[in-house]
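Asker: What follows is a single structure, and I will ask about it in a moment.
The values are calculated or read from the model by the stated rules, or taken from the named source; none is laboratory data. Remember, it's a predicted structure, so these values are computed and weren't measured experimentally. So basically every Cβ, Gly included, is an ideal-geometry build from the backbone, and we count neighbours across all protein chains shown.
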Amino acid sequence: MQKKKKALLLLGTAAVLLVVLVSGVLILFLSYQDKILPGVRVEWIDVGGLTKDEARKKIELSQQEFLSAPVEIIAGENKLETSRAELGFSMDAQKAVDKCYLVGRSGSLVKRFNQFWTAYLHQIELPCEEVKVDYSTAEKVLEPLTKSIGDQPQNARLVINDRDQITIIPGKPGLTADLESSFVDLLSFHKPFTATVELQFREKEPEVTTEDVQAWGINGLLATYSTSFDASNINRSHNIALASKALDNCLVKPGEVFSFNGQVGPRTAKRGYREAIVIEANQFVPGLGGGVCQVSTTLYNAVLLAGLEIVERSNHSLAIAYAPLGRDATVSYGYQDLKFRNNMDSYICIKTYVGRGVLTMKIFGNTQQKKKVQLQTSITSVIPPKVITKKDPNLLEGKTVVENSGAKGYRVTAYRIINGTKHLLSNDYYRPIDRVVRVGTKPAPKQKDSDGKDQDQPKTPPTKPPGEGDNDGAGEDNGGNGDHGDNNGDNGDSGDNGNNGEKDDPTG
């Protein structure tokens with residue numbers, strides 16, 4: 001009986017102690033309800049007893065010290081003073097804080113209890129979040145050093161001279177900095193933070209090898225087309241050269257859709273474009289990028305003659321002078337584009353040449369896939385301009401002045417014949433430009449006769465408006481290019497005959 005009482009007493013004492021212990025743990029745990037448990041560290045940073053926000057700020061201070069500490073990079077005899085932050089290093093304090101806060105708050109009750117006592121009686125040290133490196137930033141910062149050590153890798157290149165001869169310049173391997181190996185010590189989040197690192201280098205193959213260029217399959221000229229422009233128009237000539245430069249040496253992969261606007265980009269003053277004549281709201285007016293449509297038109301014709309697939313193209317609202325009707329291609333960034341698809345099994349390359357008032361576009365590719373191409377255009381109707389008469393009270397009665405000589409409009413159908421098969425390209429409409437004539441309504445002044453009486457002046461017979469009947473077309477720069485006749489049988493099979501005997505109007 002005595003033993004039984006003693007056992008019950010011990011059991012009761014143990015139960016009381018357990019309750020006290022659990023209660024104590026609960027009270028202690030509740031006292032850290034919104035805080036990281038005591039004894040928790042991130043590397044050497046003690047964050048125990050801190051709120052998540054307090055812990056984040058404390059870790060960030062150490063991280064900033066780590067990232068801004070001086071770092072010396074050595075490459076051969078050259079040195080560079082920088083910091084981890086400048087080299088593109090970064091850290092995330094919040095992730096470390098979140099892990100610290102979960103100590104004693106995740107897993108089973110037994111696991112939580114063990115973590116709590118381990119942290120409280122000893123310490124729990126968590127690793128800092130991984131240091132991240134933006135290696136592209138590091139490469140830019142270290143470029144002056146890496147260039148001083150050996151030769152850089154050189155990509156293989158395709159070179160086409162002005163005689164249409166194609167040469168492949170072989171690629172060369174070179175030395176490149178092995179940043180991952182070089183930065184191992186810099187990634188360690190331990191004091192002292194200052195460091196000296198010697199760059200390690202390894203051999204690197206060029207990104208574009210000789211074999212890559214050979215696989216493009218470009219071996220000759222597929223098509224060429226030229227248009228003329230007034231070289232004395234400085235601004236317009238400048239715009240033509242600028243847009244053409246953006247197209248030069250462009251490669252188009254098999255199946256790829258090429259976008260003129262995507263390649264040339266916005267025509268803005270910031271990008272170097274100047275003001276010249278453009279078509280806007282069916283009128284020839286000054287505007288930024290005037291002349292760029294001649295570049296898109298010239299490219300369009302070269303693409304047609306190469307037999308490539310047209311995806312998107314629009315004609316001008318008014319007739320232009322530098323290409324046949326039905327074969328122009330207007331562009332407006334964000335609104336109208338010229339797009340074509342490379343429907344060949346090999347790459348194609350666009351080459352541009354500008355000089356002495358001539359713009360030439362050439363398409364190079366695999367001549368084994370060259371097609372016999374002919375272009376045909378037919379004017380289906382000619383629309384005469386309306387004659388608008390305006391009364392002018394400041395002009396003497398009987399006098400007339402032609403304010404705008406106007407221009408005819410046209411409906412045009414264009415075809416392309418590829419290897420003997422005829423395909424419809426487009427049905428285009430070009431608006432006529434109204435002929436505007438001012439007619440005088442101001443009475444003629446009276447003259448005195450020999451007796452001093454008023455004498456009416458004889459009415460001046462109407463004068464023939466200058467240029468009437470002599471200016472029926474419309475040109476981009478000079479407002480007219482004469483009548484447009486049919487243009488049939490344009491032979492695009494020969495890739496080395498310019499625009500195949502066709503003489504473009506030199507205006508525009």
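Asker: For the list (1) farther than 30 Å from R84 by Cα; (2) crowded, with 17+ Cβ neighbours inside 10 Å, I need the number of the one condition that I234 fails.
Answerer: Looking at each condition in turn, I234 falls short on (2).
Asker: Can you tell me which residue among A302, A323, A306, A319 is touching a strand residue (DSSP E or B) at 6+ places or on another chain (Cβ under 8 Å) and more than 25 Å from Y353 (Cβ to Cβ)?
Answerer: A319
Asker: Which of the helices (runs of 4 or more DSSP H) found entirely inside segment 179-247 contain at least 1 residues meeting this: of a type in the set (D, E, K, R) and more than 30 Å from Y273 (Cα to Cα)?
Answerer: 179-182, 210-215
Asker: What do you reckon, is Y273 hydroxyl-bearing (S, T, Y), assigned to a loop (DSSP other than H, G, I, E, B) and either out of contact with any Lys or Arg (no Cβ under 8 Å at 6 or more places or on another chain) or farther than 20 Å from L424 by Cα (or both)?
Answerer: Considered against the rule, which asks whether it is hydroxyl-bearing (S, T, Y), assigned to a loop (DSSP other than H, G, I, E, B) and either out of contact with any Lys or Arg (no Cβ under 8 Å at 6 or more places or on another chain) or farther than 20 Å from L424 by Cα (or both), Y273 comes out as yes.
Asker: For segment 286-393, which strands (runs of 3 or more DSSP E) that fit wholly inside it have 2 or more residues that are in the same structural domain as N233 (by TED's automatic domain parsing) and buried (at least 21 other Cβ atoms within 10 Å of the Cβ)? Even if it seems obvious, please write down each step before you answer.
Answerer: Details: elements: 309-312, 339-341, 348-355, 358-365, 373-383.
Fully inside segment 286-393 and qualifying: 348-355, 358-365, 373-383.
A quick yes/no check of all residues on (1) in contact with a Cys (Cβ under 7 Å, 6 or more places away or on another chain); (2) under 30 Å from S232 (Cβ atoms); (3) of a type outside the set (S, T, Y):
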| site | (1), (2), (3) |
| --- | --- |
| L299 | no, yes, yes |
| P324 | no, yes, yes |
| D345 | no, no, yes |
| I350 | yes, yes, yes |
| V354 | no, yes, yes |
| I363 | no, yes, yes |
| T380 | no, no, no |
| G409 | no, yes, yes |
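Asker: Could you please find all residues in segment 117-137 being at pLDDT below 65 and not polar (S, T, N, Q)?
Answerer: Correct list: W117, A119, Y120, L121, H122.
Asker: Test G365 against the stated conditions and say whether it is of a type in the set (G, A, S) and farther than 30 Å from A215 by Cβ.
Answerer: No, not satisfied.
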